[in-house]
Structure formats: C-alpha cells, structure tokens
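All remarks here apply to the structure that follows.
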Amino acid sequence: MYFRQSGYYKTNYKSDMALLPLPIGQATAIGYALLFFVILPLAFDEYLLSIVNIAAIAVVGALGLNILLGYTGQISIGHGAFMSVGAYTAANMAKYLDAPFWLTLPAGGLMAALIGVIVGMPSLRVKGLYLAIATLAAQFIIEWILNHTPVISGGIQASIEMPRPEIFGVVLETQAELYFFILPITALAIIATFNLVRSRIGRAFIAIRDQDVAAEIIGINVYRYKLLAFAISSFYAGVTGVLYTYYFGIANYEAFQLPISIDYLAMCIIGGLGSVMGSVYGAVFVTLLPIVIRFFMETVGVFFVDGNYLAQVIAQMRLILFGGLIIVFLVVEPEGLNKLWQNIRNYFRVWPFSY
Amino acid sequence: MSDGANGSAEIALRVENLSKNFGGVKAVGDVSVTVPKGLIYAIIGPNGAGKTTLLNMISGFYAPDQGSIHLGNEDITRLNPANRATKGIARTFQNIALFNGLTVLDNLMMGRHVHMKAGVLASFLYWGKAQREEVEHRRRVEEIIDFLKLSDLRREPTGALAYGLRKRVELGRALAVEPSLLLLDEPMAGMNQEEKEDMVRYVLDVNGEFGTTIVLIEHDMGVIMDISDRIAVLDQGSKIADGTPDEVRNNPQVIEAYLGSGH
Ligand SMILES: Nc1ncnc2c1ncn2[C@@H]1O[C@H](COP(=O)(O)OP(=O)(O)O)[C@@H](O)[C@H]1O
Ligand SMILES: [Mg+2]
C-alpha cells in the first residue's frame with residue numbers, strides 16, 4: 001500500500017517543474033531501475049529476454065511516432081521507411097568503415113532525420129488525408145529506391161549483414177548481453193522524450209496540434225515546427241532501425257515495409273496519443289500480442305484449427321485483432337492504455353473508498 | 001489621454017488604404033487607421049462590417065489585397081504572423097482559440113515562446129540553461145496569473161473552463177507575449193455584467209500599468225464610450241468616421257449606420 005502525504009508543498013518553481021516532483025515518484029523510478037537492470041535480466045531466460053529486447057526497440061520507434069502523431073497532430077504512414085534509412089546507414093558504416101555502435105546509432109538517426117526533412121518539406125504543406133497519402137508515397141518510394149540501388153542496399157536481396165555490437169572489446173552475442181545494450185538506449189529515449197514534451201519546443205508541438213492558427217499568431221512558425229517534429233520523429237525511427245539491425249544481424253528493407261508503419265501507428269493509438277508512457281505501453285502491447293496469439297493458438301487453437309493452416313490463421317488473427325483494437329480505442333478510449341492504467345491506479349489509490 | 005489628438009504623438013500602428021476581398025465580397029475596402037501609442041483605440045460597426053478582417057490583416061492572418069501596415073516605423077505588410085508576434089503584436093480571437101490540451105499555465109507559457117530560446121538539444125536535456133530559462137519565464141507568467149486572478153486554475157486544462165474564464169485566459173496568453181500592440185476581438189462578447197466589468201478593469205489596467213496600445217473591437221456601446229480614447233467606425237467594409245467618443249457619438253453618418261442596420 002502506498003501512502004501519499006496530504007500535501008507536498010513545493011517552495012519554488014524549479015521543484016514544481018521537476019520531472020518527478022513527489023518523493024514517491026522518485027522511489028518508483030528507483031524501483032523501475034532495479035526491476036529492469038537487476039531483477040529482470042536475472043529472472044528471464046534467453047527466449048523471454050529476446051522478447052523484451054524487441055519490445056524495448058519498439059518503444060524507441062513508438063516514442064518517435066507519438067511525438068509527430070500524438071503531440072504535433074501530424075500523421076505519418078512512412079515510419080517504417082525511415083527505420084530502413086537508419087538500418088542501411090548503420091550497416092554500410094559498419095561494413096565499409098568498421099564503425100562502432102556509438103557512431104552508427106546517431107548517424108542512422110541523423111540520416112533518417114535528413115531524409116525526413118526532404119520528405120517533410122513538400123508533404124507538410126498539406127494536412128490530414130493528403131499528408132497521410134504523401135507519407136504513404138514516401139514509404140513506397142524509399143522502399144523502391146533501397147531495393148533498386150545496390151550501392152546502398154548491398155545487392156543480394158537488398159540485404160547487408162551486420163556485425164554484433166561491441167563494447168570495450170566484448171562482442172555482444174547473447175540476448176542478455178544485447179539487453180544491456182538496448183535497454184539503456186530505450187531508457188534514454190524515454191527520458192529525453194519526457195524532457196522534450198515539457199519544453200518550449202514540446203509545448204509548441206501541442207499548440208500546433210490543438211490550434212494551428214493561434215499557434216502561428218502567438219509566434220510559432222507552424223511549418224518549421226512541423227518539419228522539426230517530422231525530423232525528430234524520423235531520428236527516433238532511424239535509431240530504431242539501427243537497433244533492429246544489430247538485433248537481427250542484418251539490414252533488410254523487408255523488415256520495414258508498410259505493415260511495420262501500421263504497427264507503429266497502432267502502438268501510438270492503442271498506447272495513448274500524446275503520452276510518453278502510452279508509447280511504452282503501446283509498443284509492449286503490440287509486440288506481445290502476436291506472441292500471445294501464437295502461444296494461444298499452438299496450445300489451445302490446435303483443437304479447433306487444422307494444423308496446416310495454423311500459421312495463416314495466426315497471421316490473420318493478428319490483423320483482425322489490431323484492426324479491431326485500433327477502432328475500439330479510437331472510439332472508446334482515445335487516450336489509450338495509458339488512460340486505462342491511470343484510471344485503475346486512481347481507483348486503487350482511494351480504495352476502499354469509492355467516490 | 002488626449003495626446004492622440006496632437007499630431008506629434010508617436011504612432012503605434014498605421015494602416016493605409018487596406019483592402020481585402022473574399023470572392024466577390026468586399027470585406028474591407030480602402031481603410032486607413034492611425035493608432036497613437038499608448039491609447040485604447042476602439043473599432044466599432046455592425047456585424048459583417050469588416051472589423052475582424054481588419055484585425056486579421058494587422059495580425060498577419062490574412063494578406064491584404066492592397067495597402068500597407070506599419071508597426072511604429074516598420075513596414076510589416078509582408079511579414080508572416082509568427083514574425084509579427086516577435087515584433088510585439090498579440091491578439092485574442094472572437095471565437096476563443098486556446099490550446100485546449102494544455103493547462104492554463106502552459107497556455108500562458110506559450111505566450112512566452114517568442115522570448116525563449118531553448119533549442120532542440122537543450123530541450124532534450126532540460127538541464128542548466130534550458131531549465132533556468134523555463135523557471136525565469138514561469139515567474140513572468142505567474143505574475144500574469146496573479147494579475148488576472150487565475151491562481152486556482154493554473155493546472156486546469158483550458159477546455160474544461162467556463163466561457164468567461166477562457167476569454168480571460170486568452171487575454172493572459174496575449175499579455176504573456178508582452179506586446180506593444182494588443183488586439184482584442186470582442187473580449188466581452190457573451191459575458192455577464194460582472195465578467196464584463198472585470199474584463200474592462202483588466203483592459204484599463206493593462207493600458208494604464210504597462211502602457212500597452214490596445215486596439216479593441218466591441219459591441220457594447222456603453223463600454224466603448226467609457227474606455228476608448230479614440231474610435232473608428234466601419235460599415236460595409238469602409239471607414240465612415242473616426243475621432244473621440246464624443247465626436248463619433250454625434251456623427252450623423254454613424255447614427256445612420258447604426259439605426260439603418262437595426263441596432
Ligand atoms: N474567410 C472568409 N471567407 C469569406 N468571407 C469572409 C471571410 N471572413 C470574413 N468574410 C466576410 O467579410 C465580411 C466582413 O466580415 P468580418 O470581418 O468578420 O466582420 P465583423 O467582424 O465586422 O463582424 C463579411 O461579409 C464576412 O462574411
Ligand atoms: Mg467579427
């Protein structure tokens with residue numbers, strides 16, 4: 001049981017504006033750190049850690065898309081394509097320059113941001129459905145270019161092998177080792193996003209989302225800030241692509257096609273638009289769902305479905321469930337899992353006194 | 001008060017021969033207005049007279065078809081709205097345009113945007129300089145919150161506030177810009193008597209304490225005659241009169257326009 005003081009009185013603006021103003025928030029943060037950096041890697045086996053790793057990578061991408069979609073109110077159906085830009089940038093740097101991860105990660109992000117600006121410049125002049133179509137076009141164009149430019153994509157099946165990341169001469173091979181590589185980056189991405197969205201720039205994004213005319217009149221160059229949001233979002237996507245590439249040991253555009261872009265939209269919508277923690281919940285949820293479906297179908301489903309069709313049924317179920325969930329969340333709880341979780345928490349905070 | 005009448009007074013805003021058409025509709029036609037510094041300048045006229053359109057051109061939301069706009073000595077006719085804000089123009093909207101996903105506090109912080117500098121990297125780090133800047137501007141915003149008696153509502157999202165309060169928050173957001181020229185489009189419309197009196201108080205205080213030049217559109221004639229230093233009257237897109245409240249009140253054309261349009 002938590003105890004909250006009846007009041008925790010802030011005596012200056014700085015403490016009022018701190019990320020974790022309450023002592024209980026700081027305790028929770030330390031608790032999370034212990035859980036994720038000590039307990040979880042000890043308790044989980046390689047298989048479970050491989051799932052955690054892939055979810056942690058997805059968190060970075062979801063954060064990036066949510067900055068654009070949830071905070072700035074601009075849609076992109078090309079998030080996956082920007083991941084592939086990061087992926088090939090890193091793979092080429094590793095292949096030709098023997099570049100370490102601490103160079104490939106920012107470089108992959110920056111290259112994606114650059115391409116993001118190029119795509120964004122014409123696209124962000126239009127809104128809504130037109131922007132959706134423009135970014136969808138970008139998804140296909142980037143895919144096509146990568147697939148047809150052997151200089152970038154390596155030629156054979158447009159894929160480049162990626163060496164394992166290396167820290168102080170230690171090559172990270174196991175999932176547990178990769179976990180300690182990926183998790184700090186994810187943690188950093190979460191904290192950086194929390195900071196961004198409460199900063200001058202984050203507020204400007206929200207202002208554009210809520211009232212673009214008033215935003216412009218109050219002194220925000222709306223077009224430039226939309227472009228900035230697009231670049232930042234693409235940067236996250238690029239970093240995500242680099243992480244995937246280290247994780248899978250290969251850069252291949254097929255891992256970043258349209259369904260991936262849709263997955264990331266689903267993460268933001270299901271997790272909660274315009275919410276940092278929502279991005280985390282959404283990424284974890286969307287990553288776990290197909291795994292849970294497969295587990296369920298392989299244990300229970302075999303009694304109902306012909307074993308030969310199992311794989312197909314699983315794939316279809318995933319699509320149907322995603323589609324359904326997106327609609328349900330958009331209609332019933334636009335603020336996503338994050339809001340549901342808050343409601344539950346608030347309920348138990350006053351439990352057993354309902355109000 | 002009366003230094004507007006003497007020709008040597010400094011000019012805050014000079015609008016010359018401004019015109020704007022929408023399709024076939026002449027919203028504003030060849031309107032010239034000169035607003036001396038430090039005055040409360042009212043623009044009145046029947047519905048559809050072109051008052052909001054004129055304000056929209058001054059704040060840069062519409063580009064004029066013809067004419068020029070000077071802020072002080074600077075020609076701002078071609079400047080985009082965001083740059084006009086950095087030059088010191090702020091406004092409120094006839095149909096309130098707040099950022100409803102943000103709290104009262106953050107709406108006002110938005111008004112500080114043009115005065116803040118934190119870039120992308122500093123924002124990601126939120127450390128040192130960026131944080132100090134945030135604290136410093138928060139202090140300015142808290143002064144405005146006190147001034148407008150919004151302390152209890154700081155943390156409320158503006159979407160949930162009552163109409164009169166939203167109008168007040170919008171004034172606060174404009175004040176946070178620390179404008180030299182404040183444009184108010186019907187700040188008292190739809191308010192009850194008490195709210196109106198509060199708003200009149202705030203407008204007078206802003207003008208009196210900070211010397212802010214205020215251009216104000218308003219329908220309540222009682223209020224207008226009470227608080228304005230000068231008045232311009234628009235009718236069907238054209239300016240039909242301007243002058244002190246007394247001059248305007250006794251202008252036959254003005255009386256005609258108001259009686260003629262059913263007021
Ligand atoms: N964006 C617009 N598109 C078309 N017509 C407009 C637009 N804005 C204003 N108008 C027209 O211009 C005229 C003046 O409108 P407006 O400036 O809003 O008047 P006021 O604020 O004095 O009531 C009206 O006839 C109105 O219909
Ligand atoms: Mg109007």
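The values are calculated or read from the model by the stated rules, or taken from the named source; none is laboratory data. None of these values were measured; they are calculated from a predicted model. Cβ: placed from backbone, ideal geometry, glycine included. Neighbour counts: every protein chain shown. Accessible surface is based on the protein model in full, side chains and every heavy atom, while ligands, DNA and RNA are left aside. Shrake-Rupley method; radii C 1.70, N 1.55, O 1.52, S 1.80 Å.
A few points about this structure:
- Radius of gyration and Dmax over the Cα atoms of the protein assembly as shown, both given in Å: 28.9, 95
- In chain A, helices alone account for a calculated mean residue ellipticity at 222 nm of -23500 deg cm²/dmol, with every DSSP H run of four or more residues adding -39,500 (n - 2.57).
- Computed from Cα positions, the angle between helix B:129-147 and the longest principal axis of chain B comes to roughly 50 degrees.
- Centre-to-centre separation between the Cα atoms of the range A:175-246 and those of the range A:261-326: 25 Å.
- Approximate spin-label separation B:ASP30-A:TRP102, in nm, with each point projected 7 Å along Cα-to-Cβ: 7.2 nm
- For the range A:22-256, the fraction of alpha-carbon pairs lying more than 29 Å apart is 33 percent, rounded to a whole number.
- Most to least packed among B:160-167, A:243-250, A:305-312, B:93-100 [average Cβ atoms within 10 Å]: A:243-250, B:93-100, B:160-167, A:305-312
- The mean number of Cβ atoms from other chains found within 10 Å of a Cβ in peptide B:120-133 is 5, as a whole number.
- Restricting the range A:167-208 to trypsin sites (Lys or Arg not before Pro) that sit in a DSSP loop and have at most 12 other Cβ atoms within 10 Å of their own Cβ leaves nothing.
- Counting only other chain Cβ atoms within 10 Å of each residue's Cβ, the peptide B:74-84 averages 3.
- Relative to the longest principal axis of the Cα atoms of chain B, the long axis of helix B:163-176 makes an angle of roughly 80 degrees.
- Gain upon complete extension [A:VAL170, A:ILE291; 0.36 nm per residue less C-alpha separation]: 40.5 nm
- When only alpha carbons of chain B are considered, Rg and Dmax amount to 18.9, 64 Å.
- For the residue pairs B:LYS51/B:LYS87; B:LYS196/B:LYS239; A:LYS14/B:LYS129; A:LYS127/B:LYS26, the alpha carbons lie more than 20 Å apart in B:LYS51/B:LYS87; B:LYS196/B:LYS239; A:LYS127/B:LYS26.
- Ordered by solvent-accessible area of protein heavy atoms (1.4 Å probe), largest first, the residues A:GLU143, A:GLU335 come out as A:GLU335, A:GLU143.
- The chymotrypsin sites (Phe, Trp or Tyr not before Pro) of the range A:95-164 include none that meets both criteria, a DSSP state outside H, G, I, E and B (loop) and at most 16 other C-beta atoms within 10 angstrom of the site's C-beta.
- Rounded tilt (10° steps) of B:193-210 against the dominant C-alpha axis of chain B: 80 degrees
- About the centre of its Cα atoms, the range B:136-181 shows a dipole size close to 140 debye [charges on the beta carbon of Lys, Arg (+1) and Asp, Glu (-1) only; nearest 20 debye].
- As a calculated quantity, the FRET efficiency between A:VAL305 and B:ARG132 at R0 = 51 Å, using C-beta atoms, amounts to about 0.25.
- Point-charge dipole on Cβ atoms (K/R +1, D/E -1) for the range B:119-243, about Cα centre, debye to 20: 580 debye
- Loop-located GluC sites (Glu not before Pro) in the range A:170-255 whose Cβ has at most 11 other Cβ within 10 Å (DSSP): A:GLU173
- Relative contact order computed over chain B (Cα-Cα under 8 Å; 6+ residues apart), in percent: 27 percent
- Using R0 = 30 Å, the C-beta based FRET efficiency linking B:LYS117 and A:ASN12 works out to 0.85.
- Counts of other chain beta carbons within 10 angstrom of each beta carbon in peptide A:249-255 average 0.
- Check: the protein assembly as shown dipole with +1 on Lys, Arg Cβ and -1 on Asp, Glu Cβ, in debye: 620 debye
- Under 5 Å, built H, 5+ apart or other chain: amide partners of B:LEU102: B:THR158
- Each residue was assigned an accessible area with a 1.4 Å probe, and for B:LYS87 the value is about 90 Å².
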